């Protein structure tokens, strides 16, 4: 500790001796800062100065100091207002992928602003002056060589979580003791407004706390005193001077239009007083609603709200749809006429969230639009002084420009409160921002009260079936619900209604419907940004959403391809931002914050393979395995041995059952489970196998009796999906090739045909190692990755998209085919030897060696890849994906004309 303080004081003395020149002294300042925290210097610590950052278009800018993965430090000259440089630092941080630094620091030689954008976006987690550094150096613990946990003074997340938890506890108690849910919700929301209001000077400072204290000591009834306060907040008639409420202003806002007082118990008053001790001025409205909702209705020990959508994630929609386009237009406007036209356009600009929840997306969008307005006014005042005095600084952007729809009544009320509070908070920030650039201007202050009434803007309705307001931007996070669960959760009647409206959109995630509706609702040159599960870019979901968008005037220009979601749903998500236009506009395309040349509907900067055709030559060769529908079909090896011993006829219906796990984890992919399989036998024939039949009758039939599908219910001894075509084609083969339907590597391996493939596996009906070589090659892997579905970060190999669209070589010489067979046999022999010796499965083998270029496995694959490229005629400079797509379309065209094509591993056929 002593050495640290000595080093820090030495650094402070040195920093004070500097003039504070950003260009000339920033680098030596950074070096001495690193020395103060125990390093020899920045270079020895591994940091870089003047790090190149790609900005908009082809522009390159330079970050002052980058120390991955800990710190991005941006230096400004002494006396510079740091708030003016927030956006630059934030955008540098966005571009620094992978290994984006955890912390961002803005410094002007006298003050440090520390940001953790993953925690809270706009507000620094701490502000530390140079003079405070000896007492506050723990805020910079991340600078020490051993990377200690920093201690910050402005963590809004913890403050918000605690505040949300305490008011949610009061709500839970009110409901538990018999208050109507709607009454309790309204009362608690009124309390939330009052708690905010007394901390941000909309009510006299501490008034609500004072009233609660008076109720706690039994001087007043909470029913009368608090109820009276809420009535006065909803009244435009001032209270008499001798009233408790004589300094209470008119709030309006709709939230106080109905007041139903509640008599609070002592414990409920105590909880509200605890809530009042929180720093409500530090509570972040963007996440408060989500935390509050997640705490409601839970037992106290589980009440602490754990889930919220982080503002960093919300900004991945708001930044590309609202902030960047507006900022670029303001920067490009150089005449007063253009700037005034932009201001007029800004005050008519409308935003809709059709699944608004607690209003977090709308809150962030409103606040950012206010900041854009401040930027616009600042430019007018700095460049057109005479006109600026006439225009003034009155904010004309209103919460009434923002619209929301949600099917949950309480979410709607919470969204209204969130957006109403945004007015005051944004107003304070805007006035401060304008003062930074114009200290001598007589500001024309907007008034925080009364709050806007948003009853017509934020409404309770079903967005899938109601009218939407005409707007410029649509943003939000539609609800996630897997296609297989929709009917179970929402019910037959509602689902039938959805399918009637969207007859071509079935068996997809629920959020997909919002994409179709959003795009149809957008006007010319309007934008949208929505969050979806990452299945949106795959299979059916992509076809009815992103394919539909790109085929109907939509240009996807900014996406997060996949990431874990910060919100409550435990899923991987994609974030898609797009523009609807009939014009040929120059757009900057970004995938995961990296600038790319284009983005297709698969959310990749590559050839769009969504137009690939399923080839007739590839049909009935690749199959998903059987779907038993009933765990009772599975049996132990001990039961198998006993039943065969009792009657050898039973072995006819007892089979080794292969799923994805054994293919990935076991040597040779050998199955380790057994299953009863009556295939397509009649009930009478199946009953001949007495022991297996009775087992199925006991363990499967009760479950099948509850099945909604009539044929599955009636044929309880048969599988739900028997795959007769697969069985027929495999019957003539000693083995085939199998791959887990979901895995990390999607590697095909030889698979005995007398094993029964389950639905977690995919099989290809061929025993030709030429076919296996093609499927094992990098060429097929490229196609597979372009076509794949994903579950989280794994690959889902689907037979209809990955295999049936994949064109096999059409002009491959027999010599090359033989060489591919030999190369594949060599790989197979190597893999067999390694798996047997190490007792590994294929996944562990590839995890260990595939990406090691010096490994034998990698070398053998390289030889195979070279031969497969020869088979296709793919040259070194060719784009293999483009080549394969063109070949797919060529083969499909030949098939449509009845011309011969080469099927997988077979002679030319028609």
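The values are calculated or read from the model by the stated rules, or taken from the named source; none is laboratory data. These numbers come from a predicted model, not from an experiment. Neighbour counts run over all protein chains shown; Cβ positions are idealised from the backbone, glycine included.
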Discussion item. Between a residue in the range 91-112 that is assigned by TED's automatic domain parsing to the domain that holds residue 61 and any residue that is in a helix (DSSP H, G or I) and modelled with pLDDT under 95, which pairs come within a Cβ distance under 6 Å, given they are 6 or more apart or on different chains?
Written reply: 104/89; 104/93; 106/82; 106/85; 106/89; 108/82
Discussion item. Looking only at residues that are touching a residue at least 24 places away in the same chain (Cβ under 8 Å) and in a loop (DSSP other than H, G, I, E, B) in the range 151-194, which one is nearest to the chain's Cα centre (by Cα)?
Written reply: 155
Worksheet item: Just for the range 725-742: of the residues that are buried (at least 21 other Cβ atoms within 10 Å of the Cβ) and closer than 20 Å to residue 829 by Cα, which one is farthest from the chain's Cα centre (by Cα)?
Response: 736
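Can you say whether residue 353 is closer than 30 Å to residue 464 by Cα, within 18 Å of the chain's Cα centre (by Cα), modelled with pLDDT of 95 or more and not assigned by TED's automatic domain parsing to the domain that holds residue 590, as far as the supplied structure shows?
Values: closer than 30 Å to residue 464 by Cα: yes; within 18 Å of the chain's Cα centre (by Cα): yes; modelled with pLDDT of 95 or more: yes; not assigned by TED's automatic domain parsing to the domain that holds residue 590: yes.
It is true that residue 353 is closer than 30 Å to residue 464 by Cα, within 18 Å of the chain's Cα centre (by Cα), modelled with pLDDT of 95 or more and not assigned by TED's automatic domain parsing to the domain that holds residue 590.
When the range 196-234 is examined, which residues are found to be assigned to a helix (DSSP H, G or I), free of Cβ contacts under 8 Å to residues at least 40 places away in the same chain and under 17 Å from residue 262 (Cα atoms)? Lay out the reasoning, then the answer.
Step one: of the range 196-234, the residues assigned to a helix (DSSP H, G or I) are 196-199, 207-216, 222-233.
Now narrow it down to the ones that are free of Cβ contacts under 8 Å to residues at least 40 places away in the same chain: 210-211, 214, 224-229, 231-232.
211, 214, 224, 225, 226, 227, 228, 229, 231, 232 - these are the residues of the range 196-234 that are assigned to a helix (DSSP H, G or I), free of Cβ contacts under 8 Å to residues at least 40 places away in the same chain and under 17 Å from residue 262 (Cα atoms).
Would you confirm whether or not the range 764-782 contains a residue that is more than 26 Å from residue 829 (Cα to Cα), assigned to a strand (DSSP E or B) and in contact with a strand residue (DSSP E or B) (Cβ under 9 Å, 6 or more places away or on another chain)? Full working, then the answer.
Quick first cut of the range 764-782, residues more than 26 Å from residue 829 (Cα to Cα) only: none.
Within the range 764-782 (the criterion being more than 26 Å from residue 829 (Cα to Cα), assigned to a strand (DSSP E or B) and in contact with a strand residue (DSSP E or B) (Cβ under 9 Å, 6 or more places away or on another chain)), the answer is no, since none of the residues qualifies.
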Response to the item:
Filtering the range 709-724 down to residues that are surrounded by fewer than 17 Cβ atoms within 10 Å (Cβ to Cβ) and touching a strand residue (DSSP E or B) at 6+ places or on another chain (Cβ under 7 Å) yields 720, 721
Item to complete: Return yes when residue 227 is on the phi > 0 side of the Ramachandran plot and either modelled with pLDDT of 90 or more or surrounded by 15 or more Cβ atoms within 10 Å (Cβ to Cβ) (or both) and no when it is not.
Response: no
Worksheet item: Can residue 258 be described as modelled with pLDDT of 90 or more, assigned by TED's automatic domain parsing to the domain that holds residue 284 and not in a loop (DSSP other than H, G, I, E, B)?
Response: no
Worksheet item: Can you name the number of the only condition in (1) crowded, with 20+ Cβ neighbours inside 10 Å; (2) touching a strand residue (DSSP E or B) at 6+ places or on another chain (Cβ under 6 Å) that residue 615 fails?
Response: (2)
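So if I check each of 631, 580, 665, which one is touching a helix residue (DSSP H, G or I) at 6+ places or on another chain (Cβ under 9 Å) and assigned by TED's automatic domain parsing to the domain that holds residue 542? Lay out the reasoning, then the answer.
On the way: 631 fails: assigned by TED's automatic domain parsing to the domain that holds residue 542; 665 fails: assigned by TED's automatic domain parsing to the domain that holds residue 542.
Going through 631, 580, 665 in turn, the sole match is 580.
Suppose we keep only residues that are in contact with a helix residue (DSSP H, G or I) (Cβ under 9 Å, 6 or more places away or on another chain) and over 16 Å from residue 345 (Cα atoms) within the range 384-393. Which one would you say is surrounded by the fewest Cβ atoms within 10 Å (Cβ to Cβ)?
Filtering the range 384-393 for residues that are in contact with a helix residue (DSSP H, G or I) (Cβ under 9 Å, 6 or more places away or on another chain) and over 16 Å from residue 345 (Cα atoms), the one surrounded by the fewest Cβ atoms within 10 Å (Cβ to Cβ) comes out as 389.
Got a sec? Which of 717, 745 is assigned by TED's automatic domain parsing to the domain that holds residue 632, part of a loop (DSSP other than H, G, I, E, B) and either modelled with pLDDT under 95 or within 34 Å of the chain's Cα centre (by Cα) (or both)?
Only one candidate qualifies: 745.
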Discussion item. Which of the numbered conditions does residue 602 fail, given that it passes all the others? Conditions: (1) touching a strand residue (DSSP E or B) at 6+ places or on another chain (Cβ under 7 Å); (2) more than 11 Å from residue 532 (Cα to Cα); (3) in contact (Cβ under 8 Å) with a residue 60 or more places away in the chain.
Written reply: (1)
Discussion item. Could you go through the range 678-688 and let me know if any residue there is in contact with a helix residue (DSSP H, G or I) (Cβ under 7 Å, 6 or more places away or on another chain), over 21 Å from residue 722 (Cβ atoms) and part of a helix (DSSP H, G or I).
Written reply: no
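Within the range 814-910, considering only helices (runs of 4 or more DSSP H) that don't extend past its boundaries, which have at least 3 residues that are closer than 30 Å to residue 662 by Cβ? Give the steps one after another, and end with the answer.
Working: elements: 814-838, 842-849, 856-872, 880-896.
Qualifying helices (runs of 4 or more DSSP H): 814-838, 842-849, 856-872.
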Practice prompt. Just one of (1) surrounded by fewer than 16 Cβ atoms within 10 Å (Cβ to Cβ); (2) within 29 Å of the chain's Cα centre (by Cα) trips up residue 135, so point out which.
Written response: (2)
